[in-house]
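Have a look at the structure below, then the notes.
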Number of protein chains: 2
Amino acid sequence: MKSKLSDLQKKIKRLETLVDTSLAFSSILDIDELLNLVLQKAELVMEAETSSVFRIDEKKKELYFQIARGKKGKEAKEIRVPMGKGIVGWVAEHGKPLLVPDVTKDPRWYKGVDKKTKFVTRSIIAVPLVSKGKVIGVAEVLNKKGNRFFNDDDLELFTALGNQIAVALENASLYKELDELFLSSIRAIVEAVDAKDPYTRGHSARVVSYALLIGESLNIDKESLKELEISAILHDVGKIGIPDNILGKPGKLTEEEYAFMKRHPEFGAAIIEPISKLRMLIPNILHHHERLDGGGYPSGLKGSEIPVSARIICVADSFDAMTTDRPYRKRKSISAAFTELKQCSNTQFDPEFVEIFIEQYKNKKPLAETEQ
Amino acid sequence: MKSKLSDLQKKIKRLETLVDTSLAFSSILDIDELLNLVLQKAELVMEAETSSVFRIDEKKKELYFQIARGKKGKEAKEIRVPMGKGIVGWVAEHGKPLLVPDVTKDPRWYKGVDKKTKFVTRSIIAVPLVSKGKVIGVAEVLNKKGNRFFNDDDLELFTALGNQIAVALENASLYKELDELFLSSIRAIVEAVDAKDPYTRGHSARVVSYALLIGESLNIDKESLKELEISAILHDVGKIGIPDNILGKPGKLTEEEYAFMKRHPEFGAAIIEPISKLRMLIPNILHHHERLDGGGYPSGLKGSEIPVSARIICVADSFDAMTTDRPYRKRKSISAAFTELKQCSNTQFDPEFVEIFIEQYKNKKPLAETEQ
């Protein structure tokens with residue numbers, strides 16, 4: 001009777017872990033953070049040394065690490081496991097959980113990962129992550145502490161946890177797909193606007209990559225970087241409101257035409273206005289032609305009055321204008337454009353962003369350059 | 001000892017319910033369906049007569065039903081409970097769970113809902129739905145069956161379930177917000193393209209509402225209706241590629257200009273092409289100017305060769321063109337436009353969609369009409 005009671009108490013502890021972890025899925029936005037939390041709890045309750053989550057690369061028929069915990073996690077992350085190979089490969093292919101008390105005695109055991117990470121796997125539980133009847137990944141725990149082996153209770157617990165992980169992954173994927181749809185849609189439409197003038201074809205895409213070169217070296221959070229990206233995509237969306245004969249004029253604009261052209265940031269702001277979730281980005285779009293000395297447009301803002309993202313986009317935008325042909329002038333070389341950016345630092349451009357941009361450009365040679 | 005054992009077994013059953021329900025959150029897309037499932041399980045385990053989930057309307061400081069189960073659910077759904085009022089109002093305001101074994105003895109009890117639904121509440125458990133430290137709603141179970149009262153075990157179980165419900169609601173909200181951002185963004189940009197020609201201002205928005213009038217009366221699933229909506233928003237996006245002097249010409253187009261204008265469906269298809277998640281909508285956009293008799297463009301498709309959504313958008317698009325002014329002619333009256341739609345059924349338009357459109361337009365008088 002006593003042992004039955006303690007068994008039940010143990011069972012309760014395990015179930016409570018499952019209930020607890022389901023609370024950990026508090027947001028689909030930080031999926032890696034959540035998975036880490038869940039795996040950490042699993043390791044604690046199951047007394048495991050480490051744990052991982054694999055995803056499936058359908059095209060390459062390979063498994064790759066979404067999360068690899070423990071001291072050797074960093075080394076492990078580089079590794080890809082072929083579908084069907086090893087214990088995780090078997091679980092992915094068969095869609096069934098597997099408890100291997102001693103891996104050295106299992107013919108499916110694949111030494112590849114241990115060899116590269118210098119981790120020694122003894123026992124393993126691997127469970128399929130199934131969403132809508134489809135295996136989307138595998139979760140595993142490795143090595144029960146104190147030289148013991150995993151047992152059926154561990155298997156049952158980890159299988160249930162695997163179901164929760166699959167739900168979280170699926171929801172995160174749905175969110176990510178929709179986010180990509182949003183970004184690719186505004187990108188595609190803006191590209192069509194760029195393409196109206198053959199001289200600005202690809203302009204917005206290049207400005208995005210230049211602005212992100214700067215943004216990524218600043219110590220800003222993901223959310224702010226995303227806002228910078230969306231602002232950069234949309235910085236010239238107001239050109240929809242500029243007539244073709246001004247936009248694509250094969251020659252210098254008259255004063256009147258130029259005055260109208262200068263209204264594109266306002267028009268952009270007006271287009272964004274009805275999109276409540278993007279409204280906070282309006283200042284970035286409205287002020288991307290301001291100058292640090294107050295001589296820009298539309299508002300003549302000075303220095304730090306100009307939003308950070310607008311100052312970044314200004315550098316990115318000007319660099320792309322300098323390094324692409326215009327009907328009335330040839331493009332500058334990259335180094336001549338760098339010189340001009342430096343010369344106009346403090347008057348037109350924020351010197352900090354000019355410096356970062358030049359350094360990053362030299363380091364990374366952004367992809368977009370080849371598209372020019 | 002025996003009673004302790006059965007207590008533990010009972011506890012296990014409850015915990016298993018929690019684990020099970022967390023699996024029910026398998027998708028953030030059908031939140032109402034999921035909540036229904038979870039509440040149904042809760043009723044079963046807690047032997048409750050019915051249950052509900054309330055959301056908070058921050059602006060109006062009211063609670064409204066997201067889900068109201070049971071025979072009186074339909075009547076209940078109409079009701080709104082002021083913040084702080086009644087038991088659910090108290091729970092929403094204080095962010096604390098509440099077990100009221102006998103509501104007639106609780107001064108907080110608010111008879112409003114029972115009066116309207118003719119449901120008799122005896123006992124109640126209400127728990128706050130908390131996401132990121134903020135109360136976003138309240139879940140409640142009503143009336144333990146067999147004239148018994150709810151107890152502390154029920155309260156504990158339902159509090160844990162409330163946490164899971166809050167997670168699901170939060171994730172569903174995040175997804176919904178992003179979806180709205182996507183739709184409102186493409187809508188806003190397309191509206192700016194429409195507005196280049198004062199004669200087509202608001203055109204795409206009206207075509208969307210007309211197309212949905214038809215789509216909503218067909219027996220199609222949510223997903224297909226969404227695809228129709230996105231196709232209708234984007235049907236004229238290719239006009240970005242049509243020069244202003246053709247698009248806004250104050251008079252009839254020359255043959256050459258008209259030939260170019262007729263390329264806008266192709267241009268639209270080309271804009272959508274890079275957006276992988278929208279690629280399946282290209283035929284709807286490409287073929288919205290086909291005619292049932294094969295005399296349309298760009299491909300001269302006939303009858304059922306023309307995608308259903310393209311046939312629907314064609315009716316919606318033509319009706320809006322007829323009922324708005326053009327530089328070279330005044331708009332037709334609604335009834336004259338109906339006559340023309342009928343006359344051109346079978347040759348230009350799908351007669352089924354014309355019939356549905358006219359019937360639905362007469363019934364519902366779409367909002368967009370007043371914006372003309």
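Points to keep in mind about this one:
- Residues of the range B:130-139 satisfying the condition of being in contact (Cβ under 8 Å) with a residue 24 or more places away in the chain and within 14 Å of chain A (Cβ to nearest Cβ): B:V130, B:S131, B:K132, B:I136
Let's see how each residue does on (1) of a type in the set (V, I, T); (2) under 19 Å from B:L39 (Cβ atoms); (3) at pLDDT below 90:
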| position | (1), (2), (3) |
| --- | --- |
| B:L63 | no, yes, no |
| B:K71 | no, yes, yes |
| B:K116 | no, no, yes |
| B:V127 | yes, yes, no |
| B:S131 | no, yes, yes |
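- Every condition in (1) more than 22 Å from the chain's Cα centre (by Cα); (2) in a strand (DSSP E or B) holds for A:I136 except the one numbered (1).
- Restricted to the range B:197-249, and to residues there that are among the acidic types (D, E) and away from chain A (no Cβ under 11 Å), the residue that is farthest from the chain's Cα centre (by Cα) is B:D197.
- Exclusive hit being away from chain B (no Cβ under 14 Å), in contact (Cβ under 8 Å) with a residue 12 or more places away in the chain and in a helix (DSSP H, G or I), set A:F319, A:F267: A:F319
- Of the residues making up the range B:214-264, those that are closer than 27 Å to B:E352 by Cβ, assigned to a loop (DSSP other than H, G, I, E, B) and among the aliphatic types (A, V, I, L, M) are B:L218, B:I220.
- Boolean, B:L142 is within 13 Å of chain A (Cβ to nearest Cβ) and either at negative phi or over 31 Å from the mean Cα position of the chain (by Cα) (or both): no
- Only one entry of A:E47, A:E78 meets the criterion of being surrounded by fewer than 16 Cβ atoms within 10 Å (Cβ to Cβ), assigned by TED's automatic domain parsing to the domain that holds A:F158, out of contact with any helix residue (DSSP H, G or I) (no Cβ under 8 Å at 6 or more places or on another chain) and farther than 16 Å from A:I165 by Cβ, and that entry is A:E47.
- Residues in the range B:270-301 that are touching a residue at least 40 places away in the same chain (Cβ under 8 Å) and assigned to a helix (DSSP H, G or I): B:L278, B:M280, B:L281, B:N284, B:I285.
- The range A:162-190 - residue that is surrounded by fewer than 19 Cβ atoms within 10 Å (Cβ to Cβ), among the acidic types (D, E) and out of contact with any Phe, Trp or Tyr (no Cβ under 9 Å at 6 or more places or on another chain) and, of those, farthest from A:L15 (Cα to Cα): A:E180
- Residues considered: B:G133, B:G137, B:G146. Of these, the only one that is of a type in the set (G, A, S) and in contact with a strand residue (DSSP E or B) (Cβ under 6 Å, 6 or more places away or on another chain) is B:G137.
- Residues that are away from chain B (no Cβ under 14 Å), of a type in the set (A, V, I, L, M, F, W, C) and either in a loop (DSSP other than H, G, I, E, B) or under 28 Å from A:D236 (Cβ atoms) (or both) within the range A:145-188 comprise A:F149, A:F150, listed in sequence order.
- Any hit, the range B:205-212, residues being among the hydrophobic types (A, V, I, L, M, F, W, C), touching a His at 6+ places or on another chain (Cβ under 8 Å) and either outside the structural domain of B:M322 (by TED's automatic domain parsing) or under 25 Å from B:K364 (Cα atoms) (or both): yes
- B:P351 vs. criteria modelled with pLDDT under 95 and within 29 Å of the chain's Cα centre (by Cα): no
- Single condition A:L129 does not satisfy, out of (1) under 30 Å from A:Y175 (Cα atoms); (2) not in a strand (DSSP E or B): (2)
To keep it simple, each residue is scored yes or no on (1) in a helix (DSSP H, G or I); (2) more than 10 Å from every other protein chain (Cβ to nearest Cβ); (3) at pLDDT below 75; (4) in contact with a strand residue (DSSP E or B) (Cβ under 7 Å, 6 or more places away or on another chain).
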site	(1), (2), (3), (4)
A:K11	yes, no, yes, no
A:L15	yes, no, yes, no
A:S27	no, no, yes, no
A:R55	no, yes, no, yes
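- Residue satisfying condition, being within 32 Å of the chain's Cα centre (by Cα) and either on the phi < 0 side of the Ramachandran plot or not acidic (D, E) (or both), within set B:A316, B:A336: B:A316
- Restricting attention to the range B:89-118 and to residues that are free of Cβ contacts under 8 Å to residues at least 24 places away in the same chain and over 34 Å from the mean Cα position of the chain (by Cα), the residue that is surrounded by the most Cβ atoms within 10 Å (Cβ to Cβ) turns out to be B:V103.
- Residue within the range B:159-171 that is charged (D, E, K, R) and within 25 Å of A:I275 (Cα to Cα) present: yes
- Qualifying residues in the range A:282-300 (those that are surrounded by 21 or more Cβ atoms within 10 Å (Cβ to Cβ) and either within 12 Å of another protein chain (Cβ to nearest Cβ) or hydrophobic (A, V, I, L, M, F, W, C) (or both)) - the one farthest from B:V193 (Cα to Cα): A:L292
- In this structure, B:E93 does not qualify as assigned by TED's automatic domain parsing to the domain that holds B:L35, of a type in the set (D, E) and in a strand (DSSP E or B).
The values are calculated or read from the model by the stated rules, or taken from the named source; none is laboratory data. All figures in this text were calculated on a predicted structure; none of them were measured in a lab. For neighbour counting, all protein chains shown are included, and Cβ atoms are generated from backbone atoms with ideal geometry for every residue, glycine included.
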